[in-house]
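**Student:** Sharing a structure here in structure tokens format.
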Amino acid sequence: MKKIILLGLLLVGFGCFAQNETTEKEYNYLTKGLKIQKESGLDVIAGYEFKNEEMLFIDKGFAFTFSDFIEKSTGNLKGVSVVISSQISGNTYYVCIPVNKSAYNYVYEKVIDSFTIDLAKAYAKALSIRYAKIDQQIVDKI
């Protein structure tokens, strides 16, 4: 019974995002503008905020920082920012997980396809850890 209720809640939750998708402005900000903002010490663009920031360290020298990008006026999730730091190469990657059926899902998939095998494995582990915690929080509320 709990599984059926959980599935129903998840479907309702995803339905809430149906009218909400990541725009070009938001995608570009999370993949390009965020780097400039951090390097320059600037504030988040007007009308938005980051919530639920979580940093995960995954084997092979990768650090992942996940943050929900929220539109203040609606409270809607507009994308998930993932900043990936590689201690091996010294590179930092700025990734946006688009919300819902955004036109940027295809672009996101291309970014993931460009990852090295080690980075792709670490990313899969980080995503699993991050979203398993969210699922557990939903179950705990039931």
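**Student:** Please say if the stretch 20-134 is rounded, prolate or oblate, where rounded means a/c under 1.5 for a ≥ b ≥ c the square roots of the C-alpha gyration tensor eigenvalues, and otherwise the choice is prolate for a/b larger than b/c and oblate otherwise?
**Tutor:** prolate
**Student:** Full-extension gain between Ala46 and Glu71, please, as 0.36 nm times their residue separation minus the C-alpha to C-alpha distance.
**Tutor:** 8.1 nm
**Student:** With θ set to phi - 60° and the Karplus curve 6.51 cos²θ - 1.76 cosθ + 1.60, what are the ³J(HN,Hα) couplings of the stretch 59-76 in order, to the nearest whole Hz, using x for Gly and Pro?
**Tutor:** 3, 6, x, 10, 10, 10, 10, 9, 9, 7, 9, 10, 7, 4, 5, 10, x, 6
**Student:** Output wanted: per-residue J couplings in Hz (rounded whole) for the stretch 42-58, from phi through Karplus 6.51 cos²θ - 1.76 cosθ + 1.60, θ = phi - 60°, x for Gly and Pro.
**Tutor:** With the stated coefficients, the stretch 42-58 comes to 7, 7, 4, 4, 4, x, 10, 8, 9, 9, 6, 5, 9, 10, 10, 9, 10 Hz.
**Student:** Below 14 angstrom from the Cβ of Ile58, what's the summed charge of the other residues (Lys, Arg +1; Asp, Glu -1)?
**Tutor:** +1
**Student:** Probe radius 1.4 Å, ligands and nucleic acids ignored: give me the carbon and sulfur share of the accessible area of the stretch 20-134 as a rounded percent.
**Tutor:** Answer for the stretch 20-134 is 54 percent, counting heavy atoms of protein chains only.
**Student:** Shifting gears a bit: Would you please give the residues with an amide H less than 5 Å from that of Val99, counting only those at least 5 places away or on a separate chain, with H modeled from the backbone geometry?
**Tutor:** Thr22
**Student:** Under a 1.4 Å probe, what is the accessible area of the stretch 20-134 per residue, stated in Å²?
**Tutor:** 55
The values are calculated or read from the model by the stated rules, or taken from the named source; none is laboratory data. Note that the structure is a prediction, hence the values are computed from the model and not measured. Note that each Cβ is placed from the backbone with ideal geometry, even for glycine, and that neighbours are counted across all protein chains shown. What goes into the accessible areas is simple: the full protein's heavy atoms, side chains included, and nothing from ligands, DNA or RNA. Shrake-Rupley method; radii C 1.70, N 1.55, O 1.52, S 1.80 Å.
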